[in-house]
1. Considering only residues that are assigned to a strand (DSSP E or B), surrounded by 10 or more Cβ atoms within 10 Å (Cβ to Cβ) and of a type outside the set (A, V, I, L, M, F, W, C), which ones fall in the stretch 133-171?
2. Only one of (1) under 30 Å from T104 (Cα atoms); (2) at pLDDT below 85 fails for T225. Which number is that?
3. With respect to E145, is the statement that it is acidic (D, E), closer than 21 Å to L161 by Cβ and over 21 Å from the mean Cα position of the chain (by Cα) true?
4. Among V174, V124, which is the only one that is within 23 Å of T66 (Cβ to Cβ) and either crowded, with 17+ Cβ neighbours inside 10 Å or among the hydroxyl-bearing types (S, T, Y) (or both)?
5. Quick test for you: out of A74, A34, pick the one residue that is at negative phi and modelled with pLDDT of 50 or more.
6. Between residues in the stretch 198-217 that are in contact (Cβ under 8 Å) with a residue 12 or more places away in the chain and in the same structural domain as L186 (by TED's automatic domain parsing) and residues that are loosely packed, with under 10 Cβ neighbours inside 10 Å and not polar (S, T, N, Q), which pairs lie under 6 Å by C-beta distance while being six or more apart or on different chains?
7. Take the residues in the stretch 112-121 that are surrounded by fewer than 17 Cβ atoms within 10 Å (Cβ to Cβ) and among the basic types (K, R); name whichever of them is modelled with the highest pLDDT.
8. Can you name every residue in the stretch 148-204 that is small (G, A, S) and farther than 30 Å from E105 by Cα?
Amino acid sequence: MPSFGPEDSCGCDLCPSTFPKHPLRRRASLCCSASTVSLKSFSTMSPETSKRPKSPDTEVWRVFYTRARAEKKAEQRLEDRRIEVLVPKKTEMRQWSDRKKEVTEPLFRNYLFARVGEKDRIRVLRTNGIVRCVHFDGEPAQLREDTAQRLKKIQAVPDRLSTADLRPQVGSTVTITDGPERLRGLTGEVLEHRGRTYVLLRVKAVRQAVKVEVNAKWVEETEETAQRA
């Protein structure tokens, strides 16, 4: 063991008590000769750097597209695998020739929500009945936690539920995600005229614009527009 004197003491419990505490014991250059632990590792660590980094497998509500009429079976398979899943449902009366019957149907056809991290997202995709993970603007779609809780809450009145299409607001920026293949990915401004929907492409070089007639179901609001709403 190397020899040391009072000038080397850092004042810790490992140094002989007869040594006075060094007045500069907090300087990062000092090293306790008894413990050989550099003080630099303590003096330069901030509360932020000492925190454990967030897990890359943080669970969020992902949106998945299912095969036709496969929502309920996929839901059951995922629950059997202990994956938290949400398939909002509605009830309605169906009329047959000889009778009426109350039936339960998914509120959003072909859609299923699962609260998963990246590893379980892959497990969901490998589940029979699941087609793909839904993406918007190149990123996996996510359901906000507060929206998920509201969807759970309204399940108390399934006979009073129905859906409605959210038409893009005039003036909002949208991306064509469906329809003719060559139009997909095109971004522009929504315009309505005489009951028809158009995506407006501004050509500033000639101070004009081109109108592309589209079906309102072909377009999705961009993330920037959705955040402003």
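The values are calculated or read from the model by the stated rules, or taken from the named source; none is laboratory data. Only a predicted model underlies this, so the values are computations on that prediction, with no experimental measurement involved. Heads up, the Cβs are rebuilt from the backbone with ideal geometry, glycines too, and the neighbour counts pull from every protein chain shown.
1. If we filter the stretch 133-171 for residues that are assigned to a strand (DSSP E or B), which is where we start, we get 133, 135-136, 139-140, 142-143.
Now drop any that are not surrounded by 10 or more Cβ atoms within 10 Å (Cβ to Cβ), which leaves 133, 135-136, 140, 142-143.
The answer is H135, P140, Q142.
2. (1)
3. Here the answer is no, as E145 does not meet what is asked.
4. Numbers: V174 fails: within 23 Å of T66 (Cβ to Cβ).
Just one listed residue meets the conditions, V124.
5. Values: A34 fails: modelled with pLDDT of 50 or more.
Of the residues listed, the single one that is at negative phi and modelled with pLDDT of 50 or more is A74.
6. none
7. Filtering the stretch 112-121 for residues surrounded by fewer than 17 Cβ atoms within 10 Å (Cβ to Cβ) gives 115, 117-119.
The next check asks that each one be among the basic types (K, R); those that pass are 115, 119.
Working: R115: 97, K119: 92.
Here the answer is R115.
8. Within the stretch 148-204, the first condition is being small (G, A, S), and the residues that meet it are 148, 156, 162, 164, 171-172, 179, 185, 188, 195.
Of everything in the stretch 148-204, those that are small (G, A, S) and farther than 30 Å from E105 by Cα turn out to be G171, S172, G185, G188, G195.
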